[in-house]
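Quick notes on the structure that follows.
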Amino acid sequence: MLEPERIVRLEDDAVVVLDQRRLPDEEVDLVCRSSAEVAEAIRTLAVRGAPAIGIAAAYGYALAARNGEDLDAAVAVLAGSRPTAVNLAWALEEMRRFDGDPAERAREIHHEEVERCREMAAHAATLLRPGTRALTHCNAGGLATGGYGTAVGALRAAWEQGLLEHVLVDETRPLLQGARLTAWELEEAGIPHAVIADSAAGLMMARGEVDAVFTGADRIAANGDTANKIGTYTLAVLAAHHGIPLYVVAPSSTVDLATPDGAGIPIEERSGDEVTARFPARNPAFDVTPAALIAAIVTERGVHRAPYAESLAGAA
Ligand code: MRU
């Protein structure tokens, strides 16, 4: 498993991220020497995944403080890099409020996020029966969280307990976080897996080859509506049709009690070039899964069931 510092770290004069755009073919560091360069790394998905961008932003803030940058401007540029994952705003608020060495708080946030992953993975593993064949979407692994992973962390824990048989990995069009990153992490962990085209998920469910779906989240509204990588909503509808539980695994830093429901979650629309450079294209990067389609939301505090307005109330 990749060490947390390998994924993102603060050095004396830089924030260094493992450039996820180059994975799995090349393991190359990207060195960011200002908060604006960290924001660009987040915007261009060199570092990605809700908790990981929060951690990178925290390190970006600490770097800005060391550089003597205007901290309000640094917060504005970092917060504006991506809109959907609430972890970004959450981490920057934590940094702003901290009255001490920013580097120390940023490293603490990183450490705490990885710890939260391990705790939620242990809770999530209780949801699997022996022999579970899981399906996952996007990458909610160590790369997305600064270490260990949320949904992939749950699969790791279940594998270690002998509960997991196999994982189907949605390739996750258009940027292939599943085919490039999740498959790479599962391979490294020795967990049997197969990448499928996103559009194959329905057939695999209909054939009885999926027992449960596990995904991460970018923002969970107070009522449980959950934003995650585009295609998660489609999976949720398919899973409901086939009577298969869909579980969302995410830290409390992803729960946004200030947003009452999914309608209030901003959805990032990225360049159509990521879909096709030849024709006009639309590229919404996230969608919202209604709470009614989610069997349980797992945080480091435990397994939360509907009604989420009550069960999540103390989770953020
Ligand atoms: O656009 P990305 O790759 O940042 O999208 C990431 C996801 O949607 C993940 O599923 C989510 O952030 C959870 S990461 C633990």
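The values are calculated or read from the model by the stated rules, or taken from the named source; none is laboratory data. What you see is a predicted model, and the numbers here were worked out from it, not measured in a lab. Here Cβ is always computed from backbone atoms with ideal geometry, including for glycine, and neighbour counts include all displayed protein chains. These area figures cover heavy atoms from the full protein model, side chains too; ligands, DNA and RNA do not enter into them. Shrake-Rupley method; radii C 1.70, N 1.55, O 1.52, S 1.80 Å.
Please find, among A62, A36, the residue that is in contact (Cβ under 8 Å) with a residue 40 or more places away in the chain and open to solvent by 10 Å² or more (accessible area, probe 1.4 Å).
Result: A36 is the single residue among A62, A36 that is in contact (Cβ under 8 Å) with a residue 40 or more places away in the chain and open to solvent by 10 Å² or more (accessible area, probe 1.4 Å).
If you go through segment 259-273 one residue at a time, do you hit one that is closer than 15 Å to T136 by Cα and open to solvent by 20 Å² or more (accessible area, probe 1.4 Å)? Within segment 259-273, not a single residue is closer than 15 Å to T136 by Cα and open to solvent by 20 Å² or more (accessible area, probe 1.4 Å).
Considered as a group, the residues in segment 203-224 that are surrounded by fewer than 24 Cβ atoms within 10 Å (Cβ to Cβ) and among the charged types (D, E, K, R) include one that is farthest from the chain's Cα centre (by Cα), and that residue is R207. Just to be sure, is G100 outside any helix (DSSP H, G or I), open to solvent by less than 60 Å² (accessible area, probe 1.4 Å) and without any contact (Cβ under 8 Å) to a residue 12 or more places away in the chain? Yes: the conditions hold for G100.
The strands (runs of 3 or more DSSP E) located wholly in segment 184-228 that include 2 or more residues which are more than 29 Å from S253 (Cβ to Cβ) and touching a strand residue (DSSP E or B) at 6+ places or on another chain (Cβ under 9 Å) occupy 193-196.
With respect to the stated conditions, L168 is open to solvent by less than 20 Å² (accessible area, probe 1.4 Å) and in a strand (DSSP E or B). Cβ-Cβ contacts under 6 Å between residues 6 or more apart (or on different chains), taken from a first residue in segment 123-141 that is farther than 13 Å from I230 by Cα to a second residue that is of a type in the set (S, T, N, Q) and open to solvent by less than 10 Å² (accessible area, probe 1.4 Å), are listed as A140/T150; G141/T182. Considering segment 274-316, the residues that are charged (D, E, K, R) and surrounded by 15 or more Cβ atoms within 10 Å (Cβ to Cβ) include one that is farthest from T84 (Cα to Cα), namely R301.
Of the residues making up segment 66-96, those that are within 19 Å of the chain's Cα centre (by Cα) and either of a type in the set (V, I, T) or not in a helix (DSSP H, G or I) (or both) are G80, S81, R82, P83, T84, A85, V86. Scanning segment 91-112 for residues that are of a type in the set (A, V, I, L, M, F, W, C) and either out of contact with any helix residue (DSSP H, G or I) (no Cβ under 8 Å at 6 or more places or on another chain) or over 14 Å from G146 (Cβ atoms) (or both) turns up L92, M95, F98, A103. If we scan segment 44-51, do we find a residue that is within 15 Å of the ligand (Cβ to nearest atom) and surrounded by fewer than 17 Cβ atoms within 10 Å (Cβ to Cβ)? Looking through segment 44-51, at least one residue is within 15 Å of the ligand (Cβ to nearest atom) and surrounded by fewer than 17 Cβ atoms within 10 Å (Cβ to Cβ). Exactly one residue among L186, L143, L235, L175 is open to solvent by less than 10 Å² (accessible area, probe 1.4 Å) and within 20 Å of R82 (Cβ to Cβ), and that residue is L143.
Which residues, taken from segment 68-85, are under 13 Å from A41 (Cα atoms), surrounded by 13 or more Cβ atoms within 10 Å (Cβ to Cβ) and within 16 Å of the ligand (Cβ to nearest atom)? Once the filter is applied, which keeps residues that are under 13 Å from A41 (Cα atoms), surrounded by 13 or more Cβ atoms within 10 Å (Cβ to Cβ) and within 16 Å of the ligand (Cβ to nearest atom), segment 68-85 yields L78, A79, S81, R82.
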